[in-house]
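The values are calculated or read from the model by the stated rules, or taken from the named source; none is laboratory data. Computed from a predicted structure; not experimentally measured. Neighbour counts run over all protein chains shown; Cβ positions are idealised from the backbone, glycine included. These area figures cover heavy atoms from the full protein model, side chains too; ligands, DNA and RNA do not enter into them. Shrake-Rupley method; radii C 1.70, N 1.55, O 1.52, S 1.80 Å.
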4 protein chains.
Amino acid sequence: MQENLAPRRTYARDSVEFARTLTFTDGLFAIAMTLLVVGLAVPTLSDGSSVGELADALNDDLSKFISFFISFAVIGRYWMAHHTYFSALARLDRRLITLNLVYLAFIAFLPFPTALLGEYFENPLSIVIYAVNVALVSGMEVVLFSHAQHHDLLERTLPQDVFRYGVAMSLSPVLFFLLSIPVAFVSTTVAACMWFLGLPFGIIAERWKPKGADELLLG
Amino acid sequence: MQENLAPRRTYARDSVEFARTLTFTDGLFAIAMTLLVVGLAVPTLSDGSSVGELADALNDDLSKFISFFISFAVIGRYWMAHHTYFSALARLDRRLITLNLVYLAFIAFLPFPTALLGEYFENPLSIVIYAVNVALVSGMEVVLFSHAQHHDLLERTLPQDVFRYGVAMSLSPVLFFLLSIPVAFVSTTVAACMWFLGLPFGIIAERWKPKGADELLLG
Amino acid sequence: MQENLAPRRTYARDSVEFARTLTFTDGLFAIAMTLLVVGLAVPTLSDGSSVGELADALNDDLSKFISFFISFAVIGRYWMAHHTYFSALARLDRRLITLNLVYLAFIAFLPFPTALLGEYFENPLSIVIYAVNVALVSGMEVVLFSHAQHHDLLERTLPQDVFRYGVAMSLSPVLFFLLSIPVAFVSTTVAACMWFLGLPFGIIAERWKPKGADELLLG
Amino acid sequence: MQENLAPRRTYARDSVEFARTLTFTDGLFAIAMTLLVVGLAVPTLSDGSSVGELADALNDDLSKFISFFISFAVIGRYWMAHHTYFSALARLDRRLITLNLVYLAFIAFLPFPTALLGEYFENPLSIVIYAVNVALVSGMEVVLFSHAQHHDLLERTLPQDVFRYGVAMSLSPVLFFLLSIPVAFVSTTVAACMWFLGLPFGIIAERWKPKGADELLLG
């Protein structure tokens, strides 16, 4: 109600308010990506100078290291998408800032499923929790994109076909992550591999890209 | 004394000094919000691949997950208010920067009451400590607002009725948080629910809003 | 040698390079101040809902809470001084950026002595380590100040008496911190109280302040 | 393929996108450098007020303190190099932002080898892992530098001899780190000392520096 009565505030691209929303966002991303390393505990050895024992201990933690780099790549990819998305914005409104905070809550939560995956990679529930978290992030990406399109926040409002293509591209990882959930109960390794299907899909999807989409769209 | 003798330094909205006060503040907010996830420890399982055992373990930690999202929302709401508050400032003085640091000390401390609440939600003292911390943050918000109003730091100094309305709005969460303290000794769940009374109250309070407050006030 | 042969690079106040040196610095300060809260572990209770037991447990950790707020104030004060110092700079050179990193190494280290102090406040060695760390930070402050004065980096190079007064003000905490070291072996409480002697000293030192120092000097 | 079809996007030095890439990078560096202190755990003493016992305990952790300061210096040096590198850029493209993320993944990982080195300094494998991690960072530095040179992102594209000299300077630490690996199996102390050979080498290498390199090159 307040929203309707109050004059809608917007903050232009060159305003202090636009800048600090990004400073806050980039700081939160940087921390979420760096905190992942805290999960990598130094192993306890009986003979500290033994190469073999340390190698064995690190080998036991292999899934933790793989989780670190996978999650760095996953969160990094989201940061790239956020970077491109904001490059298309001419201004922010308070609703978008709030939606961005919801989006960031799921980014900030990601180190937990990552740690879970690193510890219990063979547990289907770890895969499910990770996949749901990532699907929520992608879902919020679509919400942010859609809000900007419908409230005149983009530099150039997108033609309907380009907008739909952009939503489909943002949702495609959600699809692969959700599809991986039932698969996880058969094989967690196959489920995790499905997460990378977005890459070949992206190349195939080039065919359906509307003309002029590249100049207009988030990458 | 030094304050009275020395010429009062102010830093305009477009100065490097204004910008870095915000960079520091946004960085601290981003960390306080992201650190909350560190409290979410991966459970220890006897059978790492058992879905049931992991589900049980996570269910036992349910209050920790709820605390994470509540606190993310609480600190996020304060960040939004800080964002709006600074959007009304034309300049900073050194006193405001110091007051902002005091405010941030209570923000930086919040992850501790949050962890306490996540661990001992049924303990009235956890509720009390959380409520007192949050009340201190809201109290400092009023101090910051009042300092800006009385030392000519706002873009447009507010009429007396709008200023009083703004103070009342900032103090209303303090009221609900402090009222929840005695209630906590009867039921911690009811006490925590009281924290959300600010939302319907905000809608009711619309009636008493002075004309033109929206254009002038922190949200 | 390289320094003498190569043309000295400087980065003006409005350059990207000046800005990111501050972003990095402010980020590091924000983290060092927020990490302090990680040291505040949630106590383990036999009866989670017992107010008395939680109160006792928190009371046992009282020195940790005091350490948190003292250290937040100490690092916050250094951030304020850094903020004022950089407000007087017209440009940076690479040497200053390097010295700034050395300064930040001691800031980043501070959470360790803080944790030590919180755990073993009654141990004279905790006091010594804390005092030495803080003295090193203040010492580096003087090195930074002196470098800027002698390499034409300040907006207005200071008259000799104002410069000397500024150095004396930066060094005065060093004095009180170093003097507290022998005292710590008699009473750690008295030693910690000595750290606050800088405040009345600052008021007394107003008398010796050269004319016009306020407009020219770091606070 | 997408890269070839799509018009290549670039973000100029004064764009919001250039700025936030640096905010993100500087935030990540600041966190990686500050997180190192988390590895420094407060020792457990039987007599909390005993100076001798605390001194012994800290002495046992000596290699952790040395690791903290070495790693702060190592990451700090990379930050300086990154700072200089970006000062030479006129614009970014999306490929460079992606490469920068890969580079940052290895920076964010560094606290783990550092902790390993602090715990098991005498273990050759700790030295190997640290050296490989640092070599990867330096290698990515060359990739970033090379991409900028060949895709017209530098303010002034470098003459061939200056470019080759710059690559050699970036690769020289890689050389010393990789050479230290076999040495680690004989003596870890000698291996760690070899990491500092880059300093005298840098002075000797001044002789081969092409004319005008200083004005053009990353330091």
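None of D:I75, D:I70 is open to solvent by 20 Å² or more (accessible area, probe 1.4 Å), under 28 Å from C:Y103 (Cβ atoms) and aliphatic (A, V, I, L, M) except D:I70.
Kindly establish whether D:V42 is touching a helix residue (DSSP H, G or I) at 6+ places or on another chain (Cβ under 7 Å) and either more than 25 Å from D:V137 (Cβ to Cβ) or of a type in the set (S, T, N, Q) (or both). Considered against the rule, which asks whether it is touching a helix residue (DSSP H, G or I) at 6+ places or on another chain (Cβ under 7 Å) and either more than 25 Å from D:V137 (Cβ to Cβ) or of a type in the set (S, T, N, Q) (or both), D:V42 comes out as yes. Of the helices (runs of 4 or more DSSP H) contained entirely in segment A:151-219, not one carries at least 3 residues that are modelled with pLDDT of 90 or more, of a type in the set (S, T, N, Q) and in contact with a Phe, Trp or Tyr (Cβ under 8 Å, 6 or more places away or on another chain).
Criterion applied to D:Y120, D:Y130 was being farther than 19 Å from D:T84 by Cβ, over 17 Å from the mean Cα position of the chain (by Cα) and at pLDDT below 95, and the one residue passing it is D:Y120.
Filtering B:L36, B:L92 for residues that are in contact with a helix residue (DSSP H, G or I) (Cβ under 7 Å, 6 or more places away or on another chain) and closer than 30 Å to B:F163 by Cβ leaves a single hit, B:L92. Please tell me if C:L179 is within 14 Å of another protein chain (Cβ to nearest Cβ) and in contact with a helix residue (DSSP H, G or I) (Cβ under 7 Å, 6 or more places away or on another chain). No, not satisfied.
Conditions (1) closer than 22 Å to B:A168 by Cβ; (2) away from chain A (no Cβ under 14 Å); (3) not in a helix (DSSP H, G or I), marked per residue:
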site	(1), (2), (3)
B:K64	no, no, no
B:F86	yes, no, no
B:Y103	yes, yes, no
B:N133	yes, yes, no
B:G139	yes, yes, no
B:V143	yes, yes, no
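Can you tell me which residue in segment B:66-84 is nearest to the other protein chains (Cβ to nearest Cβ), limited to those that are within 22 Å of C:A32 (Cα to Cα) and small (G, A, S)? In this case the residue turns out to be B:G76.
Of all the residues in segment D:90-101, those that are crowded, with 20+ Cβ neighbours inside 10 Å and either within 13 Å of the chain's Cα centre (by Cα) or within 13 Å of chain C (Cβ to nearest Cβ) (or both) number 3. Counting only residues that are without any contact (Cβ under 8 Å) to a residue 60 or more places away in the chain, more than 7 Å from chain C (Cβ to nearest Cβ) and open to solvent by 30 Å² or more (accessible area, probe 1.4 Å), segment B:105-129 holds 2 of them.
Inclusion of A:L45 among residues that are aliphatic (A, V, I, L, M), at pLDDT below 95 and within 17 Å of D:I129 (Cβ to Cβ) is warranted. The lone criterion from (1) of a type outside the set (D, E, K, R); (2) open to solvent by less than 30 Å² (accessible area, probe 1.4 Å); (3) closer than 24 Å to A:I129 by Cα left unmet by A:A168 is number (2). Residues that are more than 14 Å from chain C (Cβ to nearest Cβ) and part of a loop (DSSP other than H, G, I, E, B) within segment B:49-62 comprise B:S49, B:S50, listed in sequence order. The residues of segment A:14-48 that are open to solvent by less than 20 Å² (accessible area, probe 1.4 Å), small (G, A, S) and outside any helix (DSSP H, G or I) amount to a single one, A:G48. For the residues C:F29, C:F65, C:F86, C:F72, the requirement of being more than 15 Å from the chain's Cα centre (by Cα) and aromatic (F, W, Y) singles out C:F65. Listed conditions (1) modelled with pLDDT of 85 or more; (2) surrounded by fewer than 19 Cβ atoms within 10 Å (Cβ to Cβ); (3) in contact with a Ser or Thr (Cβ under 8 Å, 6 or more places away or on another chain) are all met by A:H147, apart from (3). Does at least one position in segment C:98-110 carry a residue that is more than 23 Å from D:G27 (Cβ to Cβ) and at pLDDT below 95? Looking through segment C:98-110, none of the residues is more than 23 Å from D:G27 (Cβ to Cβ) and at pLDDT below 95.
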